[in-house]
Amino acid sequence: MDGAIIGLGEVLWDVLPEGKKLGGAPANFAYHVGQFGLETKAVSALGKDALGDETIKALESKDLKYLMPRVDYPTGIVQVELDAQGVPTYDIREDVAWDNIPLTPEMISLAQNARAVCWGSLAQRSSGSRNTIQRFINITPNNCLRIFDINLRQNFYTAEIIKESLHLCNVLKINDEELVIIGQLLGCSKLNIKDKCRLILNHYNLNMLILTCGADGSYVFTPSNVSFLETLKVDVADTVGAGDSFTATFCAAILAGKSVTEAHKLAVEVSAYVCTQNGAMPVLPKKFTNLKA
């Protein structure tokens, strides 16, 4: 697994109206990266329970490699409700396995050779997993793509957690609603969207800042340029996992040597497709996953 792309943090079951589906942003990210033929691994923790066993079966059925120690806490679940437009709200159970991810020797070895790692704020709501995540990232090579997909949920974040991860990452992924909150936390709420993004990009010395704005399009800011693309109009089944597929596609394309503009375009197309499917981990059509084209 040398040179793997890592999704680091929560793995859980999204309990949707039509039934439960495997999810969690880092696992979704790892799954979609793997569809592009890249070595990938989901890193988290599972309970010593029946749902943990079911998680392993589900991961293996999707050919998703994983490193998930079994711990003395229940496997995580999230109650998901969808509005008329298919937009989800989440009730996330606390004090579960992914709140207690241990840093194992296998994780240290994985981190030392990582090509990319993606994590968010949610799994850092507990000090145990936060410590593991930050130590993992600090072990990664200097040329590792370190993606902070901020993923604010409920009240499970603080200004300190956000700022610590901004200092650790070289790519920030954020949506327009999260940008409002981050603007307040960082004291730049009076700036417009573009100026906020440029301020964050420059202040934290980022290589890229990805901003998604739902139906209003998306941006990729770099120190020297900005790419904007409109969101494709599709019949939405649900939007669960669409943002994770965007991040994964962008990451895979950049690692394959695509330009920022090319990676951005493909990410928009893939995330639009995921919105037409139920659940966070649909199989992507081959037309998207051939990065050699």
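Descriptive notes on the structure:
- Cα gyration tensor category, rounded, prolate or oblate, for segment 36-174 with a/c compared to 1.5: rounded
- DSSP finds beta bridges in segment 1-94, and of those with both partners inside it, around 45 percent are antiparallel.
- Computed FRET value (nearest 0.05) for residue 180 with residue 84, which takes r as the C-beta separation and R₀ as 30 Å: 0.85
- Distance between the modelled labels on residue 160 and residue 205, one decimal in nanometres: 2.4 nm (7 Å Cα→Cβ projection).
- A simple charge model with +1 on the Cβ of Lys and Arg, -1 on the Cβ of Asp and Glu and nothing else charged puts the dipole of segment 134-202 at about 140 debye relative to its Cα centre.
- Largest accessible area first, the listed residues 271, 127, 109 line up as 127, 109, 271 when surface is computed with a 1.4 Å probe on the assembled protein chains.
- Percent of C-alpha pairs per 5 Å bin, the chain, short to long: 1, 6, 13, 18, 20, 19, 14, 7, 2, 0, 0
- Solvent-accessible ranking of 56, 200, largest area first, probe 1.4 Å: 56, 200
- From helices alone, the chain scores -11000 deg cm²/dmol at 222 nm; the rule is -39500 (n - 2.57) for each run of n ≥ 4 DSSP H residues, then divide by the residue total.
- Peptides 239-251, 80-92 ranked from most to least packed by the mean count of surrounding Cβ atoms within 10 Å: 239-251, 80-92.
- As a length-normalised measure over Cα pairs under 8 Å and 6 or more apart, the relative contact order of the chain settles at 17 percent.
- Fluctuation leader among 107, 281, 68 - the chain, Gaussian network, Cα springs under 10 angstrom: 107
- Prolate/oblate/rounded label for segment 187-293 (Cα gyration tensor, a/c 1.5): oblate
- Heavy-atom surface of the chain, accessible at 1.4 Å and reported per residue (Å²): 43
- Taken about its Cα centre, the chain carries a charge dipole of roughly 900 debye when the Cβ of each Lys and Arg holds +1 and the Cβ of each Asp and Glu holds -1.
- When +1 charges are put on Lys and Arg Cβ atoms and -1 charges on Asp and Glu Cβ atoms, the dipole computed for segment 1-109 relative to its Cα centre reaches about 280 debye.
- Residue ranking by accessible heavy-atom surface, 1.4 Å probe, largest first, among 216, 95 comes out as 216, 95.
The values are calculated or read from the model by the stated rules, or taken from the named source; none is laboratory data. Note that this is a predicted model, so its numbers are computed, not measured. Using ideal geometry, Cβ is built from the backbone for each residue, glycine included, and neighbour counts are taken over all protein chains shown. Each accessible area value is taken on the protein alone, full model and side chains, heavy atoms only, with ligands, DNA and RNA left out. Shrake-Rupley method; radii C 1.70, N 1.55, O 1.52, S 1.80 Å.
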